[in-house]
1. Considering only residues of region 415-460 that are of a type in the set (Gly, Ala, Ser) and over 20 Å from Leu382 (Cα atoms), which is most open to solvent (accessible area, probe 1.4 Å)?
2. Which condition number does Gly271 fail, the rest of (1) open to solvent by 30 Å² or more (accessible area, probe 1.4 Å); (2) within 11 Å of the chain's Cα centre (by Cα); (3) touching a residue at least 60 places away in the same chain (Cβ under 8 Å) being met?
3. Looking only at region 94-107, which residues are assigned to a helix (DSSP H, G or I) and either of a type in the set (Asp, Glu) or crowded, with 18+ Cβ neighbours inside 10 Å (or both)?
4. Got a sec? Which of Ile311, Ile302 is among the aliphatic types (A, V, I, L, M) and touching a strand residue (DSSP E or B) at 6+ places or on another chain (Cβ under 9 Å)?
5. Restricting to region 133-186, name every residue that is touching a helix residue (DSSP H, G or I) at 6+ places or on another chain (Cβ under 8 Å) and on the phi > 0 side of the Ramachandran plot.
6. Among the residues of region 461-474, what is the count of those that are crowded, with 21+ Cβ neighbours inside 10 Å and under 14 Å from Asp447 (Cβ atoms)?
Amino acid sequence: MVENFLPARFQFHLQRLDPKRRLNSLVASHKTLLFTFLWIAAFGSVFLWQRTAYIGGSVVGPVRGKFTVFGRIKPTQPMPRLRPVMFDLKDFGGVGDGFTLNTEAFERAVMSISKLEKNSGGGQLNVPPGRWLTAPFNLTSHMTLFLAEDSEILGIEDEKYWPLMPPLPSYGYGRERPGPRYGSLIHGQNLKDIVITGHNGTINGQGQSWWKKHQRRLLNNTRGPLVQIMWSSDIVIANITLRDSPFWTLHPYDCKNVTVRKVTILAPVTGAPNTDGIDPDSCEDMVIEDCYISTGDDAIAIKSGWDQFGIAYGRPSTNILIRNLVVRSVISAGVSIGSEMSGGISNVTIENLLIWNSRRGIRIKTAQGRGGYIRNITYRNLTLDNVRVGIVIKTDYNEHADDNYDRKAYPTLSGFSFSGIHGQGVRVPVRIHGSEQIPVRNVTFRDMNVGLTYKKKHIFQCSFVKGRVFGSIFPRPCEDFDVYDEEGLRLVKPAAESNVTDIDYDI
C-alpha cells in the first residue's frame, strides 16, 4: 500500500481520505501518481506553515530569505567588537525591510562616531541582517562599517536622491558627461583609518535602472560609483560583497595605504556598462588580494588622470600589489592599466591570477595626449582560460576629455616583465602595438606556454616594440624580440615571417 511508504504523520491523513472501498481500486491503479502528489502536498504544507510559524510568540517564517526547517533558524554569527565603541543601525531608527529609507539613520550613526574623542579608537557601526535601503551617505574617520551575514545595503534607484559633485580635478570633466558628476552611494573624503568589512554582507547599488538610462542617454551627468573614498589613508575593505554598481564599483582616489582583501564584486557581464570592479586612481601603497571579480567592464583598472588635467594634477599610481585573484571580463580585460594614466603609473606587481571566459586577459592602453608614463610593471603566474587575447598593449586609445589636449604629450612605456604565463583556449596570445612616437621598450617574457584554439596560426603581433625572450616559450615571439637561453646567452632571432600582419582589431 502507498501509505506504508509515507511517514507516520501522513498515514493518518491518507486513511481519512479513504472511507469507501471504491477508492481502493483507484489507489491501486495510481500508486506512483498518488505517492508523488502526497509528497508534493506535504512539503508544500511545510513551506506554507513556516510563513506563519511562531517561536516564543513571534512570527518567524522565512526570515530574511533563509530556509528554516520547523522554525529552526541558522544562528547568525555574532558581530565582533573591532572598535572600543559599537553602535547598531536599529538604534538610530533603521528598518531593514527593503522599503523604508534609512539615510537619516546612517547619517545619525556616522555623526555619533564622528563625535567620539579623537584618541578613543573610533566607533563601529553594525548593520544587522536585513535589507537597508538608503540614499548616498558619508563615512567619517576612525570608523568601521560592519555588515552582518545576510545584511544588504541597497542604493535607492531614483537619481534625484544622489547628490551632484564637482568633476575630479585630474579629469576636468565628468567621465561620461561634461559638468558635475553623481556622488557614490558610500562616500568619504579627507579621512583616516576607515574599515568596511563584515561577515560577507552586501552593498548593492541596484544599478539596473542606471544602466538603462545611460544606454538610452537619459542622464545629464556621469553616473556615480558604488564606493568612493578620496584623499584618504589607512583604508581596509574586506570580507564583503559589492554588486550592481551604477558605474565603477570601488574607486579609491588619491589615497594611500589601501588594502582590499576577500571581496567579491559582481555585475552582469553584459548590459552593465562601465561597472569596473576596482579602479585605483592616483593611489600609493595599495594591496588587492584574494578577491573574485566578474563585472561588465574591467575587473581592475589602474588609473591616474585624464590628458591635460591628469598631467596638471600630477599624482601617480604607484607601489600596487595585486595577487591571488579570479577575474572575468567579457567586455574588456581582467586587469587593465589606463587609459587614464596621465599622472603616471609605476611599480605594479600582478601575480597568481586566473582570468577566465574574458575578451582580454591583460591590457595596457594609452594614447597621444595622455603624457605621463607606465613603467616597471611585473606579471607573474597568470592563467588564461578561454581568453580571446591574452596580453594587449595599445597606444592609440584616442578618447579625450576635450579637444584641448596637448598633441605633443606622448606617454612613455617601458619595463614590462611577463613570467609564468599559461593557459588554454587563447585566440591571440600577445598583441603589442606601439607607434613611432610611443614605442614600447624593455618587454621581457619567460616561461610562457599558451594553448591556442583559433584555426589560423596566430602568434605574437607586434609593432614598434623592443624586448627579450628568455628560454623556450610558446607561441613564438615576433622579430622585435631578441631571444636568449635561460642563462642569458643570445640566440638567433625568430624568423621574420612570425610577425603576423592579418590583424583582427575587433578582438
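The values are calculated or read from the model by the stated rules, or taken from the named source; none is laboratory data. This structure is a prediction, so every number in the text was calculated from the model and none was measured. Positions of Cβ are backbone-derived with ideal geometry, glycine not excepted, and every protein chain shown enters the neighbour counts. Remember, those area values only see protein heavy atoms, side chains included, never the ligands or the DNA or RNA. Shrake-Rupley method; radii C 1.70, N 1.55, O 1.52, S 1.80 Å.
1. Taking region 415-460 first, the residues of a type in the set (Gly, Ala, Ser) are 415, 417, 419-420, 423, 425, 434-435, 451.
From what's left, over 20 Å from Leu382 (Cα atoms): 434-435.
Numbers: Gly434: 11, Ser435: 27 Å².
The selected residue is Ser435.
2. Every listed condition holds for Gly271 apart from (2).
3. Taking region 94-107 and keeping what is assigned to a helix (DSSP H, G or I), we get 103-107.
Answer for region 94-107, where residues must be assigned to a helix (DSSP H, G or I) and either of a type in the set (Asp, Glu) or crowded, with 18+ Cβ neighbours inside 10 Å (or both): Glu104, Ala105, Phe106, Glu107.
4. Values: Ile311 fails: touching a strand residue (DSSP E or B) at 6+ places or on another chain (Cβ under 9 Å).
Only one candidate qualifies: Ile302.
5. The answer is His142, Asp150, Gly172.
6. 2
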